[in-house]
Amino acid sequence: MRIDAEAVGSALLVGLTLTLSCSWFLYRGWRFRRRARRVRETPSETLATARPGDTVVVTGTASGRDGAVTGPLSGERGVLAAWLVEEWHNVFSRFWSSKARGIRTASFEVDAGERTVAVRARTADGPAGLWDGVNGDDALVGLATEDVRVEVDSFGTDTEIAAAADRPGRFRDLEREVGLDDAENEAVFDVGRTDGTRRYRESVLETGEEVTVRGTLAAPDDAGDPPVVTPPDDGRLLVSTLSAAALSRRYRRSYWKLFYGPLALVASCTLLVGLVMSL
């Protein structure tokens, strides 16, 4: 009995330690599950009868209402440009960190066939916060600002430039505009990608492309205009180049990977330690 008690105690200790070690992944997974449910359970079939104050998911064709915006990295024109600058760290560990990000939108409409909704123009450019992405608020492929999350299928612009290499003028101008210092290589020696390498990523939504928005309907800005989609009470305004179903699947896959994957590892290691200690 003494050996069995020790085995159980050791197994529980290992399980608790691994659970604490995996807590960040479990937390991220839980957040993605919540996002999947929000997208899946928000009404979309009742858009024709929705009223101000209702939260809806709308998928339709984007069209500009008042001008366009220019992607600061690509120079492409569209109704929305979402950009991200990341930097590679290769000193004590190897990872990408966000250095700056931004979203620029013109005022545009989403035509869902039976009804049209509008999205107001907004600009949010600047350096990334210290904990952006760590707290689980970021997009899987895209980025988030204070009140908007953009999820894209892929980035149209995705360029890596080493710290000592010259950068295109648009890249330098954007870094100067948001207050980024030049990247530096602080590694004694590099293996693979060099320390300080920056990755410049951008996606531009053009007129005529399909877009999904999730938010709360508000009264139109002017009589006769379509209702406006604003950030909902439960989070950020969601704008995505994916359909609602595809976006829900993306979040659900991440939930299963980040939540049940670590749990399976914890359970397997706990069982293995218990069996070994019982021998």
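Just a few scattered comments:
Each row is one residue, and each column tells you yes or no for (1) outside any strand (DSSP E or B); (2) in contact (Cβ under 8 Å) with a residue 40 or more places away in the chain; (3) open to solvent by less than 60 Å² (accessible area, probe 1.4 Å).
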{"site": "S74", "(1), (2), (3)": "yes, yes, yes"}
{"site": "A81", "(1), (2), (3)": "no, yes, yes"}
{"site": "F95", "(1), (2), (3)": "no, no, no"}
{"site": "F108", "(1), (2), (3)": "no, yes, yes"}
{"site": "V117", "(1), (2), (3)": "no, yes, yes"}
{"site": "A139", "(1), (2), (3)": "yes, no, yes"}
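- Per the listing T212, T197, the residue uniquely over 30 Å from V110 (Cα atoms) and at pLDDT 85 or above is T197.
- Restricting segment 34-55 to residues that are within 27 Å of the chain's Cα centre (by Cα) and of a type in the set (D, E, K, R) leaves a set whose member that is nearest to V229 (Cα to Cα) is D54.
- Single residue of S278, S268, S240 found to be closer than 20 Å to V148 by Cβ and of a type in the set (S, T, N, Q): S240
- Taking segment 42-52 as the range and being open to solvent by 50 Å² or more (accessible area, probe 1.4 Å) and either at pLDDT 90 or above or touching a Lys or Arg at 6+ places or on another chain (Cβ under 7 Å) (or both) as the test, only A48 passes.
- Here is the figure for segment 121-136: residues that are modelled with pLDDT under 80 and open to solvent by 30 Å² or more (accessible area, probe 1.4 Å) total 6.
The values are calculated or read from the model by the stated rules, or taken from the named source; none is laboratory data. Just so we're clear, the structure is a prediction, and the values are computed from it rather than from any experiment. Ideal geometry is used to build each Cβ from the backbone, glycine not excepted, and the neighbour counts take in all protein chains shown. These accessible areas exclude ligands, DNA and RNA; they are computed on the full protein's heavy atoms, side chains included. Shrake-Rupley method; radii C 1.70, N 1.55, O 1.52, S 1.80 Å.
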